[in-house]
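See structure below.
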């Protein structure tokens, strides 16, 4: 593991991003302008010099802005740590580029889970269905919005 | 040589009165059938050596095949292990690695393999776990084991049967993924009380070298304590914690997530080390079998040639005796 540098006195112009998944390091040590993180409290834009933060993620779109290029991922859940030295670590369990998601399957999944939620009897079934509905509606919103 | 042949013939003559002892030889030969040499045999039997050669050759075939299997499995799992290495780094950057943290309830999670024939990786993991157990034990302290894999269970059950809480085997049967490991981690977290989880595994370095490693995961309470008392995690205080009802809730989620991530990487690394160790162990044993086969072949050929030479000498000297 590379050692992390202490926070510099001046704010650097770029933000260093590490975005890891269990099966891959999607982005490692890349310098970008800004990332927008789907935090559980709402979308959070992170620029260099952001105050150090720990936040949980909710299902949503993570966008990485680099110059004029914007790369969008849909992340399921996880954590994000923003350090004082302008390094953002994002740990997600599952993520996919937004253009690889099939919208018809999303609609179908959403309908399935809505139906399951209404027919769920136990608490755990209800919670499972609720998670499914949340994820699929977030996916739907990401695709249409 | 003629002298030897003469002695041999003499020996045959001496042997004939001993034929009455045949029943005794029969008893012995029924116990060790290969060693039965008919009395007065002219040449040494090569049957034993031939059988031995055959079995060594078969063993060599098996070990070679096992090596091939391990090599192909290794290639598959090595990329996955290397890809999973990014997963624990953010947590270490945030919380640091605190192997020396002093807590009451330690849980040692020992990761080992289910199958043997893979060199010393399992005994290393067990040795390290025992050492950690000794280091962390003390008055009013408690150390428990959670064991993944058959081989560490067999070794640890001998001396610390009482402190084993959970034991899980047959992890490697299906290719591991994060979902399985997180279910496993959930199971462990629900069933043990801990202040610090210490995961012991073999980190894969190369096919021939593995580093026994310990990763420490602290419970949310200990994280909070270390943060507040300017302990080992003093930096964490400067972080703003967003979301959730309380700070404790987020910290709990964080440490559980950290455990599942670290465990995932540890299981991957250990599976990779296992295949690497098996590959090199099988490689050396097929080489040993080859060496043994060479030695046996040499002995076999030498004996065969000696008996041929003896027979030739007998014929020639017999012919010479007739001529004179």
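Every read-out reported here was derived from the displayed coordinates using simple, explicitly stated rules and does not represent laboratory data. This structure is a prediction, so every number in the text was calculated from the model and none was measured. Every residue, glycine as well, gets a Cβ built from its backbone with ideal geometry; the counts of neighbours run over all protein chains shown.
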In deg cm²/dmol, rounded to the nearest 500, the helical mean residue ellipticity at 222 nm of chain A, built from -39500 (n - 2.57) for every DSSP H run of length 4 or more, is -9000 deg cm²/dmol
Other chains near A:50-61: what is the mean number of their Cβ atoms within 10 Å of each residue's Cβ?
-> 4
Long-range alpha-carbon pairs in the protein assembly as shown, meaning those over 42 Å apart, account in percent for 40
The range A:15-98 - Kirkwood radius from inverse mean 1/r over Cα pairs (Å) | 12.3
Distances over 25 Å make up what percent of all Cα-Cα pairs in the range B:97-274?
-> 33
Cα convex hull volume per residue for chain B, in Å³, equals 195
Simple label model, 7 Å out from Cα along Cβ direction - residue B:177 to residue A:51, nm = 4.0
Using a simple spin-label model with points 7 Å from Cα along the Cα→Cβ vector, what separation in nm is obtained for residue B:62 and residue B:127?
-> 2.7
Computed from every Cα-Cα pair in the range B:169-324, P(r) in 10 Å bins starting at 0 and rounded to whole percents is 9, 22, 19, 13, 8, 7, 6, 6, 4, 3, 2, 0
Describe numerically, in nm with one decimal, the distance between label points set 7 Å from Cα along Cα→Cβ at residue A:119 and at residue B:46.
-> 7.8
Burial ranking of peptide ranges A:28-39, B:159-170, B:83-94 (average Cβ count within 10 Å, highest at the top) = B:83-94, A:28-39, B:159-170
Computed FRET efficiency, Cβ-Cβ of residue A:96 and residue A:1, R0 35 Å: what is it to the nearest 0.05?
-> 0.85
By how many nm would the segment from residue B:305 to residue B:225 grow when fully extended, if each residue of separation counts as 0.36 nm and the alpha-carbon distance is taken off?
-> 20.6 nm
Please build a GNM for chain B, connecting alpha carbons under 10 Å apart, and tell me which residue among B:275, B:305, B:258 fluctuates the most.
-> B:305
Taking other Cβ within 10 Å of each residue's Cβ, how do A:98, B:95 sort, fewest first?
-> A:98, B:95
When Cβ neighbours within 10 Å are restricted to other protein chains, what is their mean count per residue of peptide B:169-180?
-> 1
Please build a GNM for chain B, connecting alpha carbons under 10 Å apart, and tell me which residue among B:68, B:214, B:268 fluctuates the most.
-> B:68
Considering the convex hull of the alpha carbon atoms of chain A, report its projected area averaged over all viewing directions, in nm², one decimal.
-> 9.9
Using the Kirkwood radius over Cα pairs of the range B:73-126, the Stokes-Einstein translational diffusion coefficient at 10 °C and 1.306 mPa s, in µm²/s and rounded to a whole number, is 110
Kirkwood-based Rg to Rh ratio, the range B:132-174, C-alpha trace | 1.05
Top mean-square fluctuation among B:213, B:310, B:179, Gaussian network model of chain B, C-alpha springs under 10 Å?
-> B:310
How do B:112, B:219, A:76 line up, fewest other C-beta atoms within 10 Å first?
-> A:76, B:219, B:112
Rg over Rh, two decimals, the range B:53-94 (C-alpha only, Kirkwood Rh) = 1.42
Starting from the Cα of residue B:117, move 7 Å in the Cα-to-Cβ direction to define the label point; list residues of the range B:66-104 whose amide nitrogen is under 13 Å from there.
-> B:66-71
Full-stretch length increase - residue B:160, residue B:292 - with 0.36 nm per residue and alpha-carbon distance subtracted = 43.5 nm
Extension length gain for residue B:142 and residue B:190 (0.36 nm per residue less Cα distance), in nm, is 15.5 nm
Cα pair distances exceeding 12 angstrom across the range A:102-144, given as percent | 54
Can you give the average number of partner chain beta-carbon atoms within 10 Å of each beta-carbon in peptide B:239-246, as a whole number?
-> 6
Give the order of B:66, A:1 when sorted by the count of other beta carbons within 10 angstrom, beginning with the fewest.
-> A:1, B:66
